[in-house]
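Data block below; observations after.
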Amino acid sequence: MDLTEHDIVVAGRQLAYLESQGRGRPVVLVHGNSSSARTWRPLLDGPFGRQFCCLALDLPGHGRSAPPPQPEDYCLPGYADLLVRFARVSGAADAVFVGWNLGGHILLEAAPALPDAAGFVIVGTPPVGSAEDLRRAFPSGPAMAAGFTAELDEATARSCAERFVTAGSDHPLEEFVADILATDGTARSALGAGIGEGRFTDERAVVAGLTVPLAVLHGAGEQVVSLDYLRALTAPTLWRGEVQVIPGAGHAPHQETPDTFAALLTDFIADVDRTAGPAAAGGA
C-alpha cells in the first residue's frame with residue numbers, strides 16, 4: 001500500500017488523513033456528507049496518487065476524526081475554517097483543492113481564506129446562495145432529506161447510497177453505506193439546521209469572484225444535482241469554459257469512473273501549473 005495514515009491536531013482538534021506517496025503538487029481532497037477519506041482510495045491507490053502528493057482528510061465526526069467539542073461546529077463555516085487551518089499546518093496552502101458533494105461547498109466557503117490555492121475542483125456540488133438556489137440546484141431534494149437526519153437505519157443508508165451512482169448501476173455500495181452508518185448523526189442534523197438558518201456564504205458570488213481556475217465536474221448519470229443549474233452559473237475562471245460531463249458516472253464519478261476522473265484532474269493540474277509557471281509545480 002502506497003498510503004500512510006496520519007493524525008494531526010488542528011485548532012485543538014484531532015483530525016485523521018491519508019497521504020499518498022506522490023511528489024508533485026499537493027492535492028487536498030475533501031469528502032462529502034456522511035463519507036470519509038477512503039472514498040478517494042481509487043485515486044490515492046493509483047497512478048494519480050503516485051504522481052501527486054494527495055492529502056485526504058476525514059472531516060470531524062467522519063471516518064477516524066473526532067467529533068467537534070460543540071455540535072454547532074458541524075456547519076459550513078466551521079468545516080471551512082478547519083480546512084484552512086489544516087492546509088496551513090500540513091504545508092498544503094498552495095494545493096489544488098478537490099471537493100465532492102459537501103466537500104465542494106466547504107471549498108467554496110473556504111476559498112476567500114485560501115489565497116495561495118492553485119485552483120479548485122468541485123464534484124456533485126452546485127454553488128448556491130439562497131434557499132431558492134437550493135431548490136433549483138437539487139431537484140431531488142426530498143429524496144435526499146435523510147442526509148440531514150441524525151439516526152439512519154441500514155435500509156435508509158443504502159437508499160441514500162443508491163443516489164450516489166447511476167440508476168441501475170452495479171457499483172458496490174457497501175463502503176458508502178458503512179461510512180453513512182459510521183458518521184456521527186449529529187453531523188447530519190446540525191449541518192441541515194445550519195443550512196436552514198442560512199449559515200453559509202453566497203457560493204455563487206464566490207465563484208463569480210474567483211481569480212484562480214475552477215473545474216466543475218458532473219456525472220452524466222447524476223441523480224442529485226441539476227446540470228442545467230450548473231451551466232447557468234456565472235464563472236469567469238471556469239476550466240475549459242464549460243462544465244465537464246463525465247460519461248458513465250453519477251454523483252460520485254471518482255468511484256464509478258476513477259480513471260476518467262483522474263485523467264481530468266491530471267489535465268486540470270497540468271493547465272494550472274502551465275499558467276503558474278515551473279516554480280509552482282512542486283517536485284514534479
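The values are calculated or read from the model by the stated rules, or taken from the named source; none is laboratory data. Just so we're clear, the structure is a prediction, and the values are computed from it rather than from any experiment. Counting neighbours? That spans all protein chains shown, and the Cβs are built from the backbone with ideal geometry, glycine included. The accessibility values were calculated without ligands, DNA or RNA, using every heavy atom of the protein model including side chains. Shrake-Rupley method; radii C 1.70, N 1.55, O 1.52, S 1.80 Å.
With the gyration tensor restricted to C-alpha atoms of segment 36-105, the semi-axes of the equivalent ellipsoid amount to 22, 14, 11 Å, longest first. In segment 40-59, whose amide N lies under 18 Å from the spot 7 Å out along Cα-to-Cβ of D94? List them in ranges. Counting only backbone N, you get 52-55. In the chain, the DSSP-assigned H stretches of four residues or longer account for a calculated mean residue ellipticity at 222 nm of -10000 deg cm²/dmol, using -39500 (n - 2.57) per stretch and the full residue count as denominator.
When each of the peptides 264-271, 29-36 is scored by how many other beta carbons lie within 10 Å of its residues on average, the order from highest to lowest is 29-36, 264-271.
Per residue, the convex hull spanned by the Cα atoms of the chain amounts to 112 cubic angstrom. In order along segment 212-218, the phi-based Karplus estimate (6.51 cos²θ - 1.76 cosθ + 1.60, θ = phi - 60°) of 3J(HN,Hα) comes to 10, x, 10, 9, 10, 10, 8 Hz; Gly and Pro are listed as x. The dipole here belongs to the chain: it is taken about the Cα centre, uses +1 on the Cβ of Lys and Arg and -1 on the Cβ of Asp and Glu, and is about 520 debye. Taking label points 7 Å from Cα along the Cα-to-Cβ direction, A205 and A66 give a separation of 3.6 nm. Nonpolar atom fraction for the chain, defined as the carbon and sulfur part of the 1.4 Å probe accessible area, stands at 51 percent. Taking Cβ atoms as reference points and 12 Å as the exclusive limit, the residues near G219 contribute a net charge of -1, counting Lys and Arg as +1 and Asp and Glu as -1.
The residues of the chain present an accessible area of 40 Å² per residue when probed at 1.4 Å with all protein chains retained. The Cα center of segment 105-182 and the Cα center of segment 1-17 differ in position by 23 Å. Length, then width, then depth: along the principal axes, the Cα atoms of segment 107-163 run 43, 25, 19 Å.
With θ taken as phi - 60° and the Karplus curve 6.51 cos²θ - 1.76 cosθ + 1.60 applied, the whole-hertz 3J(HN,Hα) list for segment 186-195 is 5, 4, 6, 5, 5, 4, x, 5, x, 5 Hz, x standing for glycine and proline.
Put simply, when 98-107, 183-192 are sorted by average Cβ atoms within 10 angstrom per residue, most first, you get 98-107, 183-192.
Charged neighbours of D202, selected by a Cβ distance under 11 Å, balance to -2 (K, R count +1; D, E count -1).
Taking amide H positions as modeled 1.01 Å from N, with prolines and chain starts lacking one, the residues under 5 Å from V10 and 5 or more places away or on another chain are L15. When the chain is treated as a Gaussian network with alpha carbon springs shorter than 10 Å, the biggest mean-square fluctuation among P112, P67, P26 belongs to P112. Which net charge results for the neighbourhood of G99, defined as the other residues with beta-carbon distances under 12 angstrom from its beta-carbon, given Lys and Arg at +1 and Asp and Glu at -1? That works out to -2.
Percent of Cα pairs in segment 1-68 per distance bin of 5 Å, from zero to the largest separation: 4, 20, 29, 23, 15, 7, 1. Look at the alpha carbon pairs under 8 Å that are at least 6 residues apart: their mean separation over the length of segment 1-137 gives a relative contact order of 23 percent.
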